[in-house]
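The values are calculated or read from the model by the stated rules, or taken from the named source; none is laboratory data. Owing to the predicted nature of the structure, the values given are computational and were not obtained by experimental measurement. We place every Cβ from the backbone using ideal geometry, glycine too, and count neighbours over all the protein chains shown.
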Amino acid sequence: MAKQTIMIDFDDTIVESIFLQRVNRFLNTCYTFDDFKDEYYIDNIIPKDKREQFFAEFCDTNPYFEVKIIEDAKEVIQKLNQKYEVYICSGCVMYNMPSKSAQIFAYKYQFLIKTFPFLSPQRFVFTNSKHVLKGDIIIDDYLDNLAGEFKQKYLFSSYHNRRFTEQDLKNLGIKRVKSWKEIAEILL
């Protein structure tokens, strides 16, 4: 009997956001996620005349050297990998700097193979168009990415998706999960 497929997003689902730390360093500020109630694109606070410089610096230095794995993510994913066909699905094209995206792809890929050696690199899917994917289960922090054909859809809580109520999500056939322990309780 074939294992069910589970597709898991990477940024803000497996690893904590690196963007805010980089924006604060660039602007010499100390914003927190509470300053971004519903805003997905944190870089909108960067003055337009400095955005190109910010993204050039962001892409030229590996952001995954300083990223933190979300608590329990690695352990739970390793257990999920024994029960399911686990795919890591992540966007790599920077919407405002597509020409620099190849570097982000390489950084992310290197991080994944080093940090999650138990996962098959042949199951890494790099696309910003997750709505075209289909499978049994998907976990993502961005609501629009849950639009594909999946039997179970889980929205991983993040700073930018707090505004969606449980009823909003129920109407879309989506369940909110707040931690990897909760995911383990549901899927293991």
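Since Tyr154 meets every condition but one in (1) touching a strand residue (DSSP E or B) at 6+ places or on another chain (Cβ under 6 Å); (2) farther than 21 Å from Lys83 by Cα; (3) not in a helix (DSSP H, G or I), which condition does it not meet? If we test Tyr154 against (1) touching a strand residue (DSSP E or B) at 6+ places or on another chain (Cβ under 6 Å); (2) farther than 21 Å from Lys83 by Cα; (3) not in a helix (DSSP H, G or I), just (2) comes out false. Test Tyr159 against the criterion of being in contact with a helix residue (DSSP H, G or I) (Cβ under 9 Å, 6 or more places away or on another chain), over 16 Å from Met7 (Cβ atoms), modelled with pLDDT under 90 and aromatic (Phe, Trp, Tyr), and give yes or no. Yes; evaluated as a whole, the condition is true for this residue. Among the residues of segment 46-71, those that are surrounded by 12 or more Cβ atoms within 10 Å (Cβ to Cβ), more than 17 Å from Asp11 (Cβ to Cβ) and acidic (Asp, Glu) comprise Glu52, Glu57.
Within segment 4-15, the presence of at least one residue that is over 14 Å from the mean Cα position of the chain (by Cα), surrounded by fewer than 18 Cβ atoms within 10 Å (Cβ to Cβ) and at pLDDT 90 or above is confirmed. Any idea which of Asp34, Asp43 is crowded, with 17+ Cβ neighbours inside 10 Å, part of a helix (DSSP H, G or I) and touching a residue at least 12 places away in the same chain (Cβ under 8 Å)? Among Asp34, Asp43, only Asp43 is crowded, with 17+ Cβ neighbours inside 10 Å, part of a helix (DSSP H, G or I) and touching a residue at least 12 places away in the same chain (Cβ under 8 Å). Within segment 75-111, the set of residues being part of a helix (DSSP H, G or I) and surrounded by 20 or more Cβ atoms within 10 Å (Cβ to Cβ) comprises Val76, Ile77, Leu80, Ile104, Lys108.
For segment 115-132, taking the residues that are at pLDDT below 95 and assigned to a helix (DSSP H, G or I), the one that is surrounded by the fewest Cβ atoms within 10 Å (Cβ to Cβ) is identified as Val132. Whether any residue in segment 147-155 is in contact with a Ser or Thr (Cβ under 7 Å, 6 or more places away or on another chain), farther than 27 Å from Leu20 by Cα and buried (at least 16 other Cβ atoms within 10 Å of the Cβ) is what I want to check. No; the residues of segment 147-155 include none that is in contact with a Ser or Thr (Cβ under 7 Å, 6 or more places away or on another chain), farther than 27 Å from Leu20 by Cα and buried (at least 16 other Cβ atoms within 10 Å of the Cβ). Restricted to segment 134-150, and to residues there that are without any contact (Cβ under 8 Å) to a residue 40 or more places away in the chain and not in a loop (DSSP other than H, G, I, E, B), the residue that is farthest from Phe164 (Cα to Cα) is Lys134. Entry remark, segment 114-133: residues being farther than 18 Å from Leu80 by Cα, touching a residue at least 12 places away in the same chain (Cβ under 8 Å) and not β-branched (Val, Ile, Thr) number 5 in total. Is it the case that segment 85-100 has a residue that's among the β-branched types (Val, Ile, Thr), touching a strand residue (DSSP E or B) at 6+ places or on another chain (Cβ under 6 Å) and at pLDDT 90 or above? Yes.
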